[in-house]
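**Q** Starting off with a structure, shown below.
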Amino acid sequence: MKPFPHSKTAVAAKRHLLGTALALFGSLSLNLGLTSNVLAQAAPYPSKSITMIVPFPPGGLADIVARPVAEAMSRDLGQPVVIENRGGAGGGIGMGVAARSKPDGYTVLLALSSLTVIPEADALLGRNPMFLLNELRPIARYTADPTVLAVRADSPWKTVKDFVEDARKRPGAINYGSSGNYGTMHVPMEILAQTAGIKMTHIPFTGAGPAVVAMLGGQIDALSTGPATVLQHVKAGKIRVLGHWGTGSLASMPDVSSLKDLGFNAEYAQWSGLFIPSGTPEPIAQRLRAAAKVAAQDAKARDIIQNTGSPVQYLDSPEFEKYVQADARRMTDVVKKIGKVE
């Protein structure tokens, strides 16, 4: 018996059924994909570890502040906050990495006050900007220390007057270290040089830690840095602090006079603060703001930071944003006076 021939109608019906089944399968897959995306987006923040970029090597103020802050934020957020040191260019390299990172709340930045200087320096030098100020959103300030003028304990200078008079007699002979061109250790020394009418030789390093090591080893003569960076060496009798760029007295070094009190109109604060990429969604930004505040109030974090010589001087987001904008305006004039430094 011959097989029953397929009619054109039967073949068309089968094709229609197959097409319908494929369409339904595709629609189901799409819906499942959309559902998984919605579920992923709806997952509570944070659902994984957060990277905190520190744009300097270990041993400097940014790293000293970042570690207890990250640990306290980790406890509040329920996820690890992992330090990533990205030093170089006075902090500009790490700050640029943070500014260009995905604005999803999983990359934050613990920066120093060089953040307000570097964009102006980039413009002055006519180079491609490492980052723009409006690419980073201020979340919390933690410290705001005046820098101190530090020399080795065996140096010939006992006072700021000794130091300045020697620099006047020997222009360019005294060299000082910094964390990089236009960084938080370079700028205050240039402010002093402008005010006192002296010339010194600038030796840039990748951060405060390496600069302090170089001074202890006799490679450089002096530096301007946050009290926390040198306090332990002062206590150990290895470093002498001649003066500071603030007003009044320092809690960690009450016997050290300010440069202003000594007749030099030189003032500078090396602040530290938390930033996020400016495109970060508002709910995530507010969650990080809350965790940053918890860290500032955390007893363990405060003790660690204050024991290094930097009292916590917390500012919440709105106040910190105004502070950063005012600092940026002031630093514009300072950078123009420093001029081009390659």
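The values are calculated or read from the model by the stated rules, or taken from the named source; none is laboratory data. Keep in mind that what you see is a predicted model, and the values were worked out from it rather than measured. Don't worry about glycine lacking a Cβ; one is built from the backbone with ideal geometry, like all the others, and counts go over all protein chains shown.
**Q** What's the total number of residues in segment 249-260 that are surrounded by 14 or more Cβ atoms within 10 Å (Cβ to Cβ) and of a type in the set (D, E, K, R)?
**A** 1
**Q** State all residues of segment 120-143 that are over 13 Å from the mean Cα position of the chain (by Cα) and either outside the structural domain of residue 60 (by TED's automatic domain parsing) or free of Cβ contacts under 8 Å to residues at least 40 places away in the same chain (or both); if no residue qualifies, say none.
**A** 122, 123, 126, 127, 128, 129, 132, listed by residue number.
**Q** Going by the structure shown, is residue 298 under 23 Å from residue 62 (Cβ atoms), crowded, with 16+ Cβ neighbours inside 10 Å and of a type outside the set (S, T, N, Q)?
**A** On the way: under 23 Å from residue 62 (Cβ atoms): yes; crowded, with 16+ Cβ neighbours inside 10 Å: yes; of a type outside the set (S, T, N, Q): yes.
Yes; evaluated as a whole, the condition is true for this residue.
Each row is one residue, and each column tells you yes or no for (1) more than 30 Å from residue 49 (Cβ to Cβ); (2) among the β-branched types (Val, Ile, Thr).
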site: 256; (1), (2): yes, yes
site: 272; (1), (2): no, no
site: 282; (1), (2): no, no
site: 296; (1), (2): no, no
site: 299; (1), (2): no, no
site: 306; (1), (2): no, no
site: 320; (1), (2): no, no
site: 323; (1), (2): no, no
site: 339; (1), (2): yes, no
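**Q** Could you please give the count of residues in segment 102-124 that are touching a strand residue (DSSP E or B) at 6+ places or on another chain (Cβ under 8 Å), among the hydroxyl-bearing types (Ser, Thr, Tyr) and modelled with pLDDT of 95 or more?
**A** Within segment 102-124, residues that are touching a strand residue (DSSP E or B) at 6+ places or on another chain (Cβ under 8 Å), among the hydroxyl-bearing types (Ser, Thr, Tyr) and modelled with pLDDT of 95 or more number 2.
**Q** Let me ask another. Being among the β-branched types (Val, Ile, Thr) and assigned to a loop (DSSP other than H, G, I, E, B): is that true of residue 312 here?
**A** yes
**Q** Got at least one residue in segment 272-295 being hydrophobic (A, V, I, L, M, F, W, C), surrounded by 16 or more Cβ atoms within 10 Å (Cβ to Cβ), touching a residue at least 60 places away in the same chain (Cβ under 8 Å) and closer than 25 Å to residue 213 by Cα?
**A** Within segment 272-295 (the criterion being hydrophobic (A, V, I, L, M, F, W, C), surrounded by 16 or more Cβ atoms within 10 Å (Cβ to Cβ), touching a residue at least 60 places away in the same chain (Cβ under 8 Å) and closer than 25 Å to residue 213 by Cα), the answer is no, since none of the residues qualifies.
**Q** Here's something else I'd like to know. Checking the conditions here, which among 70, 99, 62 is modelled with pLDDT under 95 and surrounded by 20 or more Cβ atoms within 10 Å (Cβ to Cβ)? Before you say what the answer is, go through the steps one by one.
**A** Values: 70 fails: modelled with pLDDT under 95; 99 fails: modelled with pLDDT under 95.
Of the residues listed, the single one that is modelled with pLDDT under 95 and surrounded by 20 or more Cβ atoms within 10 Å (Cβ to Cβ) is 62.
**Q** When only residues in segment 73-96 that are assigned to a helix (DSSP H, G or I) and at positive phi count, which is modelled with the highest pLDDT?
**A** So, considering only residues that are assigned to a helix (DSSP H, G or I) and at positive phi, the one modelled with the highest pLDDT is 91.
**Q** Sticking with this structure for a sec: Only one of (1) at pLDDT below 95; (2) assigned to a loop (DSSP other than H, G, I, E, B); (3) closer than 29 Å to residue 308 by Cβ is not met by residue 127, so which one is it?
**A** It is condition (3) that residue 127 fails.
**Q** For segment 292-316, what are the residues that are of a type outside the set (D, E, K, R) and under 17 Å from the mean Cα position of the chain (by Cα)?
**A** Start the filter on segment 292-316 by keeping residues that are of a type outside the set (D, E, K, R), which leaves 292, 294-297, 299, 301, 304-315.
Matches in segment 292-316: 292, 295, 296, 305, 310, 312, 313, 314, 315.
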